[in-house]
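Asker: Submitted below is the structure of interest, expressed as structure tokens.
Derivation of every value follows stated rules applied to the coordinates shown; laboratory data play no part. For clarity, every value in this text was computed on a predicted model and none was experimentally measured. A quick note on method: Cβ atoms are made from the backbone with ideal geometry, for glycine too, and the neighbour counts reach across all protein chains shown.
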Amino acid sequence: MTDVLTIDGLGVSFATDAGAVKAVDGVSLQVAPGEVLAIVGESGSGKTVTAKTILGLLPETATENGAVILRSRDGQSESDIVALTKAELRQVRGRDVSMVFQEPSTALNPVYTVGWQIMEGIRAHGQVGRAEAKAKAIEILGRVGIPDPEVRVDYYPHQFSGGQKQRVVIAMALVLNPGLIVADEPTTALDVTVQAEILDLLRTVRDDFGTAIVLITHNMGVVADLADRVAVMYQGKVVEEADAHTLFTAPTNSYTKSLLAAVPHVGQGIERAAERARARPAGWAEQAPVVQAENLRIQYPGRLGRPGFVAVDDVSFSIRPGEVLGLVGESGSGKTTTGRAIAGLTRVTGGSLRVLGHEMNGFHERAFKKVRSEIGFVFQDPASSFNPLLTIAECVAEPLVVHGRAANPAAARGRVDELLEAVQLPRAYGNRYPHELSGGQRQRASLARALALEPSLLIADEPTSALDVSVQASVLELFAELQREFGFAALFISHDLAVIDILADRIAVLYRGRLVEEGTGAEVLGAPKDPYTQRLLASLPVPDPAEQALRRQELERLRAAG
């Protein structure tokens, strides 16, 4: 069959003050109708630039050469995207090719209903009446699994969950029935259970709509679950291309091999946890816990006469000195709320929560201020947690200045340099600003800031969820190394069971504010007892197409069983 997309010798350069930077270098790819091509690689490999070229979305600073031939679904027309004018591109987008963006919250306009936004695309490509456009919007919302589409077509984006918003974005991409959809990291910001649902939906798009998909991702489990063929990019070039089964079972390129080796697997952490347990001193288990929660309850107050929302309900756990507790669950389960309560950022409304000997139920900020210096916090997105006007050295020195350990950032520079070296960043990086560092480097700097006061307790809230698999592996290894060196206790929050398995001594599973299971990695991940933990484990995609197909069947069985 005629390929729906042919990329031939594509090169893309960006003009900068320091000269032209080549982002894509001689890329050639083909996509057949109804095929899923995954383009994988770490940040800076050129995969997103390649994807945006397919829709003509590159900025004015970009210079392109080569050809990007896009054919219509019926095969009657074809266009070279590189040569099209802006007006011609508007006709092609939506009709022949659509895009599903990484973050649905920013892709949707908050001031318009989702129905209006879907109808806008329909009416932009033809003389269609309002009633007919709305009927099409309702139909496509129903087909992507939005319940009660006749009612929800008039909802605003904030009235949908993250997974439902991604379904709406996919509906917008599908409504004009294009032959090709470009999906740029469509599941990165989603929990594993929601991710599994979106992957099922994309599979339906391929099978029922006959739509080809170019999938941009760094998650090799997602690739194994969905892709027919895989192209691996590194420094702007395609270094390997093969069908999914061949690439995962017999990769030939050294970069591909290292990428697959960096993927965390459930079961990797059992021996590590056993080694840590053997290294502990006698009487360790009898030590007073750093954190002790008993029947913890956290309720957010209601407004305008509405009842309050219970985020954490009757939760009990403990963290001993030097121990890492992994807290897992999907969005809304209460993970982050629990972490913020331990740090004194969210008020406890019931039960007991003792942190470093201090009771948090009814705590006073003045009394807790001395304890706060003993707690480090690593945020999910270091880019937004750093002040962009300060250098990295000034950001890392901030806790030292605030708590009176140094008079100013300059006086703290010696300690800052030590911290940067501890997290494997050159001292010179202290003079850079946050935007001048990569995602992995920023997260290392975030770890340095959290460790500045030598805390007894570290709270890490999804610190690796936005990182490439290779960068994630290095940050996890660094975290484990720092924990061994400094000996701090840690609450590590994540929705990725494989990541938790590598680091945690014990794992606690939260579901709708309640603790449903707790134990070692071997107990919770090796033989989960609660149905929710079983679904969570089955939802985690693994980098093996054959095994992933079996896991998908198991997940369907668990869903059917309720």
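Asker: For an R0 of 35 angstrom, estimate the FRET efficiency from the Cβ-Cβ distance between Ala560 and Arg303 and round to the nearest 0.05.
Answerer: Working: r = 39 Å, r/R0 = 1.11.
Computed FRET efficiency for Ala560 and Arg303: 0.35.
Asker: Going through region 248-349, which trypsin sites (Lys or Arg not before Pro) have at most 14 other Cβ atoms within 10 Å and a DSSP loop state?
Answerer: Hits after loop and neighbour filter: Arg303.
Asker: Here's a follow-up. Check Ile216: other-chain or 5+ apart residues with amide H under 5 Å from its amide H, H built from backbone geometry?
Answerer: Ile39, Ala183, Asp184, Glu185
Asker: Return the label of the correct value of volume of the Cα convex hull per residue in Å³, as calculated from the structure shown, out of [x] 173; [y] 195; [z] 145.
Answerer: Here the calculated entry is [x].
Asker: Mind giving me the nanometre distance, one decimal, between the label points for Phe14 and His435, set 7 Å out from Cα along Cα→Cβ?
Answerer: According to this spin-label approximation, the distance is 1.2 nm.
Asker: May I ask for the Kirkwood hydrodynamic radius of region 404-507, worked out over all distinct Cα pairs and given in angstroms to one decimal?
Answerer: 14.5 Å
Asker: Where the centre of each part is set by its Cα atoms, how far does region 320-345 sit from region 135-197, in angstrom?
Answerer: Spelled out, the Cα-based centre of one part sits 30 Å from the other.
Asker: Projected onto the charge dipole of the chain (+1 at Lys/Arg Cβ, -1 at Asp/Glu Cβ, origin at the Cα centre), which of Asn253, Thr187, Ile146 gives the Cα projection farthest towards the positive end?
Answerer: It is Ile146.
Asker: Over the chain, calculate the relative contact order: mean separation of alpha carbon pairs under 8 Å at least 6 apart, over the residue count, as a percent.
Answerer: For the chain, the relative contact order is 15 percent.
Asker: Another question, then. Taking the Cβ-Cβ separation of Ala407 and Glu286 as r and a Förster radius of 35 Å, what is the calculated FRET efficiency to the nearest 0.05?
Answerer: The computed FRET efficiency comes out at 0.25.
Asker: Rounded to the nearest 5, what is the percent of antiparallel bridges among the DSSP beta bridges in region 161-264?
Answerer: Percentage antiparallel, nearest 5: 55.
Asker: Same structure again: Using the structure shown, select from Lys335/Lys370; Lys47/Lys335; Lys134/Lys165; Lys47/Lys165; Lys22/Lys257 the pairs with a Cα to Cα distance greater than 29 angstrom.
Answerer: Beyond 29 Å between Cα atoms: Lys47/Lys335.
Asker: Under 5 Å between amide H atoms, partner at least 5 residues away or on a different chain: which partners does Val312 have, H built in plane at 1.01 Å?
Answerer: Under 5 Å from the amide H of Val312 lie the amide H atoms of Ile298, each far enough along the sequence or on another chain.
Asker: Could you check what % of the DSSP bridge pairs in the chain are antiparallel, to the nearest 5?
Answerer: Roughly 55 percent of the DSSP beta bridges within the chain come out antiparallel.
Asker: What FRET efficiency comes out for the pair Ser105/Asn387, r = Cβ-Cβ distance, R0 = 25 Å, nearest 0.05?
Answerer: That pair, Ser105 with Asn387, gives E of 0.60.
Asker: What's the ranking of 533-542, 51-60, 178-187 by average number of surrounding C-beta atoms within 10 Å, highest first? Intermediate results must be reported in sequence, preceding the final value.
Answerer: Details: 533-542: 22.4, 51-60: 17.4, 178-187: 24.7.
Going from most to least packed, we get 178-187, 533-542, 51-60.
Asker: Still on this structure, please answer the following. Please name which of Gly129, Val100, Leu84 has its Cα lying farthest along the dipole of region 76-139 towards the positive end, using unit charges on Cβ (Lys, Arg +1; Asp, Glu -1) and the Cα centre as origin.
Answerer: Looking along the dipole axis, the top candidate is Gly129.
Asker: Go ahead and estimate [θ] at 222 nm for the chain from helices alone: -39,500 (n - 2.57) per DSSP H run with n ≥ 4, summed, over the residue count, rounded to 500.
Answerer: -11000 deg cm²/dmol
Asker: What are the residues whose amide H is under 5 Å from the amide H of Gln380, where those residues sit 5 or more places off or on another chain and H is modelled from the backbone?
Answerer: Answer set, sorted by chain and number: Asp461.
Asker: If I take every Cα pair under 8 Å that is 6 or more residues apart in region 103-177, average their sequence separation and divide by the length, what percent do I get for the relative contact order?
Answerer: Reported relative contact order: 44 percent.
Asker: Take every Cα pair under 8 Å in region 469-562 that's 6+ residues apart, average their separations, divide by the length, and report that relative contact order as a whole percent.
Answerer: This gives 15 percent for region 469-562.
Asker: Would you calculate the volume per residue, in Å³, of the smallest convex hull containing every Cα atom of region 103-177?
Answerer: Expressed per residue, the convex hull around the Cα atoms of region 103-177 is 79 Å³.
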